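What follows is one structure encoded as structure tokens, with my remarks underneath.
The values are calculated or read from the model by the stated rules, or taken from the named source; none is laboratory data. Please read all numbers here as calculations on a predicted model, not as lab measurements. Cβ atoms come from the backbone with ideal geometry, glycine included; neighbour counts cover every protein chain shown.
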């Protein structure tokens, strides 16, 4: 549930600003919890897409569901190629 005042339409931020703020706050919290100051938690950008139908929705759901399993071979994974 929201804890602060509701913003009017004229003071709303863009999606990019919202995602940037989320990444900043969560990165600080994660690094504080794990004692890893300055560690990178998120990839630089984000991907947005307008869902245009049921098939599109299903494809995105499957991508989200399967994506974590691909992390071990992701070129952005710092451990990729080690071993």
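For this structure, a couple of remarks:
- All positions within the range 36-56 that are at pLDDT 90 or above, exposed (fewer than 10 other Cβ atoms within 10 Å of the Cβ) and touching a helix residue (DSSP H, G or I) at 6+ places or on another chain (Cβ under 9 Å): 37, 38, 50
- Qualifying residue in the range 25-35 (condition: within 11 Å of the chain's Cα centre (by Cα), surrounded by 10 or more Cβ atoms within 10 Å (Cβ to Cβ) and at pLDDT below 95): no
- Tally, over the range 53-83, of residues that are within 21 Å of residue 16 (Cβ to Cβ) and either touching a strand residue (DSSP E or B) at 6+ places or on another chain (Cβ under 6 Å) or not in a helix (DSSP H, G or I) (or both): 1
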